[in-house]
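The values are calculated or read from the model by the stated rules, or taken from the named source; none is laboratory data. For clarity, every value in this text was computed on a predicted model and none was experimentally measured. Counting neighbours? That spans all protein chains shown, and the Cβs are built from the backbone with ideal geometry, glycine included.
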Amino acid sequence: MASYSTNEFKSGLKVMLDGDPCMILENEFVKPGKGQAFNRVKLRNLKTNRVSEKTFKSGDSLESADVFDCEMQYLYNDGDFHHFMEPENFEQHQASNSTVGDAALWLKEQDLCTVTLYNGTPLAVTPLNFVELEVVETEPGVRGDTATGGNKPARLSTGATVKVPLFVNQGEIIRCDTRSGEYVSRVKG
Amino acid sequence: MSTEDWRPGAPLENLRRRAQILARIRAYFAAAQVLEVETPQLCPTTVTDPHLHSMQVPGHGYLQTSPEYAMKRLLAAGSGSIYQIARVFRADEMGRRHHPEFTMLEWYRVGFTLDQLIDDVAALACLALGETRCVRHRYRDLFRTRLGLDPLRCSIDELRAAARRYIDLAFDEADRDTWLELLMGQVIEPTLGIDTLSFVVDYPPSQAALARLHLDAEGQVVASRFELYHRGVELANGYHELLDADEQRARFAADLRERAARGLPAIAIDEPLLAALKSGLPDCSGVALGLDRLFMLAVGSDSLREVIAFSPPENR
């Protein structure tokens with residue numbers, strides 16, 4: 001497996017640290033007046049999502065991690081596992097509820113999402129940036145009120161709750177930004 | 001590459017300020033009768049320091065990491081006090097405060113003690129930064145106050161334990177100087193010179209480089225070297241210059257042994273420098289100051305990119 005020296009550390013690079021796959025977020029070169037240089041490296045542990053800052057001696061290296069992102073279709077949840085499929089070869093993968101985490105709130109069956117594989121096993125799931133979901137529960141809409149502010153909670157088919165404008169009705173499809181968890185617009189259907 | 005990438009990375013206003021400070025520096029040295037000199041950036045050999053990586057130009061030698069050796073040959077030839085505004089080059093150095101190519105102001109004052117040179121550096125820094133109060137710290141006292149240990153006498157295990165207390169480390173093993181440099185650079189340095197020019201003096205003898213040694217007030221051997229910090233940024237490094245050619249040769253040899261141990265390429269010792277020392281370097285003190293960093297602080301920025309017209313691409 002390839003290894004990377006501190007001067008090759010770039011944001012996005014995936015490496016092994018203390019037995020866990022990590023992604024490099026930032027790499028700062030620091031050097032005192034004379035002598036040994038160091039790299040202060042911010043990394044996200046891809047298993048726990050914890051971000052830490054580690055100091056390396058410049059020139060030290062880390063093994064690369066066998067981690068890559070794969071676009072997959074979400075199939076269904078059997079209670080314990082979420083099931084995904086690679087659209088090209090129909091290969092199926094299962095991920096535990098804890099691996100999927102909050103991403104489950106935005107996963108609609110048949111939708112595409114990004115599954116991060118580590119040594120071939122799902123490590124994390126990222127929904128599309130924008131998803132279109134049905135409102136299954138909200139207070140009745142206020143007809144004609146499209147201008148004034150004000151909002152109300154709405155529960156979506158996947159279980160997420162978002163704040164929507166007062167004019168949105170139960171049964172309508174809305175577009176949401178999964179990164180912020182915010183309502184974007186109504187979808188004409 | 002977008003079509004807008006031809007534009008300078010620094011505001012023109014900062015570049016005008018840079019030119020203005022450069023003019024003041026030249027006027028300062030002219031008034032003090034310090035001669036401006038130029039020495040080659042490309043030389044047949046280069047520094048032996050295992051922590052400095054020179055860029056090699058095949059068939060020609062190395063781009064210099066500092067003009068020090070050539071300037072010392074001028075001093076030995078009787079130039080009197082001299083200064084140089086030099087472009088210098090260091091491979092594998094890239095960061096917010098490090099560029100592989102940068103501008104160094106290096107000067108030597110014949111007959112100056114280290115104390116006199118510190119006053120000189122303070123006066124010059126104030127040309128760029130405005131009047132700023134100066135303070136001095138002994139290296140040893142900084143470690144005692146901030147970390148509760150004597151850097152010259154404590155054990156390596158104590159240094160390691162102190163480093164672990166403050167820093168999340170990705171390594172366990174390091175030599176004494178590496179631990180000291182880590183603690184100095186990451187724990188002490190950021191707190192230095194918040195609103196002052198902070199001069200740190202009396203470095204450990206193992207970090208003397210081209211400085212003489214002397215006994216400190218407690219009878220411990222220390223290096224006649226200082227560093228200047230302002231707002232947590234290391235700005236300058238000065239020495240009461242070593243005059244002894246044999247001692248200098250021994251330090252070069254020690255560097256080369258260290259390079260071999262680290263698997264770094266060997267560097268031919270700069271014989272003309274040693275010959276110049278042998279023929280007699282006048283008693284002098286010298287200092288190298290990172291001009292880009294000085295400009296950066298003068299315009300109130302924390303990135304070199306703000307004061308350099310065209311910076312190298314970021315390694316991100």
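For this structure, a couple of remarks:
- Subset of the stretch B:15-37 that is charged (D, E, K, R) and in a helix (DSSP H, G or I) - its residue that is nearest to B:Leu74 (Cα to Cα): B:Arg26
- Residue in the stretch B:144-162 that is within 11 Å of chain A (Cβ to nearest Cβ) and of a type outside the set (Lys, Arg) present: no
Yes or no, residue by residue, for (1) without any contact (Cβ under 8 Å) to a residue 24 or more places away in the chain; (2) more than 9 Å from every other protein chain (Cβ to nearest Cβ):
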residue	(1), (2)
B:Glu173	yes, yes
B:Thr178	yes, no
B:Glu189	no, no
B:Gly193	no, yes
B:Val201	no, yes
B:Ala208	no, yes
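- Among residues that are aliphatic (A, V, I, L, M), assigned to a loop (DSSP other than H, G, I, E, B), within 14 Å of chain A (Cβ to nearest Cβ) and in contact (Cβ under 8 Å) with a residue 12 or more places away in the chain, B:Leu264 is included.
- Among (1) under 30 Å from B:Ile269 (Cα atoms); (2) surrounded by fewer than 19 Cβ atoms within 10 Å (Cβ to Cβ), the one test that B:Arg144 misses: (1)
- Of the criteria (1) among the charged types (D, E, K, R); (2) touching a Gly at 6+ places or on another chain (Cβ under 9 Å); (3) within 14 Å of chain A (Cβ to nearest Cβ), which one B:Glu93 fails: (2)
- For beta carbons closer than 9 Å, sequence separation of 6+ or different chains, a first residue in the stretch A:111-125 that is in the same structural domain as A:Phe81 (by TED's automatic domain parsing) and a second that is of a type in the set (Lys, Arg) and surrounded by 18 or more Cβ atoms within 10 Å (Cβ to Cβ), the qualifying pairs are A:Tyr118/A:Lys14.
- Condition met for A:Glu137 (farther than 30 Å from A:Asp69 by Cβ and either surrounded by 13 or more Cβ atoms within 10 Å (Cβ to Cβ) or more than 21 Å from the chain's Cα centre (by Cα) (or both)): yes
- Failed item, numbered, when A:Phe38 is tested on (1) within 12 Å of chain B (Cβ to nearest Cβ); (2) over 23 Å from the mean Cα position of the chain (by Cα); (3) at pLDDT below 90: (3)
- Cβ separations smaller than 9 Å between residues 6+ apart or across chains give the following pairs from the stretch A:55-77 residues that are basic (Lys, Arg) to residues that are assigned to a strand (DSSP E or B): A:Lys57/A:Phe38; A:Lys57/A:Asn39.
- Within the stretch A:48-81, restricting attention to residues that are within 14 Å of another protein chain (Cβ to nearest Cβ) and assigned to a loop (DSSP other than H, G, I, E, B), the residue that is nearest to A:Tyr118 (Cα to Cα) is A:Arg50.
- The number of residues in the stretch B:269-311 that are part of a strand (DSSP E or B) and among the aliphatic types (A, V, I, L, M) comes to 3.
- The strands (runs of 3 or more DSSP E) falling completely within the stretch A:85-189 that include 2 or more residues that are more than 30 Å from A:Gly19 (Cα to Cα) and modelled with pLDDT of 90 or more map to A:130-138, A:151-156, A:161-165, A:173-177, A:182-187.
- Scanning the stretch B:179-197 turns up at least one residue that is surrounded by fewer than 21 Cβ atoms within 10 Å (Cβ to Cβ) and touching a His at 6+ places or on another chain (Cβ under 8 Å).
- Number of the condition not met by B:Arg176 [criteria: (1) in contact with a helix residue (DSSP H, G or I) (Cβ under 6 Å, 6 or more places away or on another chain); (2) charged (D, E, K, R); (3) within 30 Å of B:Ala128 (Cβ to Cβ)]: (3)
- Filtering the stretch B:248-261 to residues that are surrounded by 15 or more Cβ atoms within 10 Å (Cβ to Cβ) and either free of Cβ contacts under 8 Å to residues at least 12 places away in the same chain or not polar (S, T, N, Q) (or both) leaves B:Arg249, B:Arg251, B:Phe252, B:Asp255, B:Leu256, B:Glu258, B:Arg259.
- Test: residue in the stretch B:9-27 that is crowded, with 19+ Cβ neighbours inside 10 Å and acidic (Asp, Glu): no
- For the stretch B:59-68, the criterion of a residue being within 26 Å of B:Pro313 (Cβ to Cβ), within 14 Å of chain A (Cβ to nearest Cβ) and not in a loop (DSSP other than H, G, I, E, B) is satisfied by no position.
- Check on B:Gln64, in contact with a helix residue (DSSP H, G or I) (Cβ under 9 Å, 6 or more places away or on another chain), under 30 Å from B:Ser206 (Cβ atoms) and not β-branched (Val, Ile, Thr): yes
- Residue match in the stretch B:289-301 (condition: closer than 17 Å to B:Leu52 by Cα, surrounded by 13 or more Cβ atoms within 10 Å (Cβ to Cβ), within 14 Å of chain A (Cβ to nearest Cβ) and at pLDDT 95 or above): yes
- B:Tyr69 being of a type outside the set (Val, Ile, Thr) and in contact with a Cys (Cβ under 9 Å, 6 or more places away or on another chain): yes
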